[in-house]
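Worksheet: the structure to be examined is printed underneath.
The values are calculated or read from the model by the stated rules, or taken from the named source; none is laboratory data. Everything numeric in this text was worked out from a predicted model, so none of it was measured. For neighbour counting, all protein chains shown are included, and Cβ atoms are generated from backbone atoms with ideal geometry for every residue, glycine included. Keep in mind that these areas ignore ligands, DNA and RNA; they rest on the heavy atoms of the full protein, side chains included. Shrake-Rupley method; radii C 1.70, N 1.55, O 1.52, S 1.80 Å.
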Amino acid sequence: MKYLRTVFIMLCCLININAANAQFRNDISGKPILTQTYTDVEGSPYLNDDWQTGTVKFANGKSIIGVKLKYDIVADELYFADKNDEPLSFVDTVKEFTLAGPDKLRYFRKGFAGIAKTTPNSYFEVLADGGVQLIKKTSKVVLETQAFNSATKTKSFQEDVRYYLVNNGKAVQVKNDRKSILAALPNKQEQIKGYADAGKLNFKSDTDLAAIITYYNSQ
């Protein structure tokens, strides 16, 4: 009798787990992607070719966790995997999402206005949050080239990376170098210099640059 009771409890647990998983999957509304394929273009339109586990927060306040995601930075669209690992677009409007990488969690958000060649629906990677935000926009465009004395044209993805500091909703483009960051934050230049020099921080490194802006916000 004790054995049967144990089996019964285990079956109930499995049923509940399966039901929870089914409910979780049903919480995601998807539709087939309508973007063009790039079969004749060298390279990839994605930030990462492999599916990455992440979280998604929607404009309606709903959130999901542990979903497989891909970010198409040519179309500036986020996709999730169906049960066959085929990409689907979200029906609900995505506000922000995270991607789990091998060494860090990457955080993306939309809603930054007044930035050239983007819209409020464009996603930006948020490297540092606070009074001053450090955001990064990685884009790809299709570049067509033709070698000298060749009739063949080659198409490939060209990546463009830009950094911005956002203060009171106003974004200013900066370079990821010492001179540009110090010029953009003139009121605490000496503190930034001392902090960066003491920690031997590299302004070219996203991690170090984020640490510098975080420090700036703490002063």
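Quick one: in the stretch 33-62, of everything that is of a type in the set (S, T, Y) and either farther than 14 Å from E77 by Cβ or part of a loop (DSSP other than H, G, I, E, B) (or both), which residue is farthest from the chain's Cα centre (by Cα)? Going through the qualifying residues, I end up with T39. If the condition is being assigned to a loop (DSSP other than H, G, I, E, B) and either open to solvent by 70 Å² or more (accessible area, probe 1.4 Å) or of a type in the set (A, V, I, L, M, F, W, C) (or both), then the stretch 101-118 contributes P102, D103, K104, F112, A113, G114, I115, A116, K117. In the stretch 182-199, the residues that are over 18 Å from L165 (Cα atoms) form Cβ pairs under 8 Å with partners that are of a type outside the set (S, T, Y), at six or more places apart or across chains, as follows: Y195/L201; Y195/I212; G199/D208; G199/A211. For the stretch 119-132, the set of residues classified as assigned to a loop (DSSP other than H, G, I, E, B), on the phi < 0 side of the Ramachandran plot and either open to solvent by less than 60 Å² (accessible area, probe 1.4 Å) or charged (D, E, K, R) (or both) consists of S122, Y123, D129, G131, listed by residue number. Could you tell me whether T154 is open to solvent by 70 Å² or more (accessible area, probe 1.4 Å) and either touching a residue at least 60 places away in the same chain (Cβ under 8 Å) or assigned to a helix (DSSP H, G or I) (or both)? Taking the combined requirement at face value, the residue does not satisfy it.
Of the residues examined, K83 is one that is over 30 Å from K175 (Cβ atoms), open to solvent by 20 Å² or more (accessible area, probe 1.4 Å), at pLDDT below 95 and not polar (S, T, N, Q).
Y195 meets each of the listed conditions (1) out of contact with any helix residue (DSSP H, G or I) (no Cβ under 7 Å at 6 or more places or on another chain); (2) among the hydroxyl-bearing types (S, T, Y); (3) in a helix (DSSP H, G or I) apart from (1). Tell me yes or no: at least one residue of the stretch 86-95 is at pLDDT 95 or above, within 24 Å of D50 (Cβ to Cβ) and part of a loop (DSSP other than H, G, I, E, B). Scanning the stretch 86-95, I find no residue that is at pLDDT 95 or above, within 24 Å of D50 (Cβ to Cβ) and part of a loop (DSSP other than H, G, I, E, B), so the answer is no.
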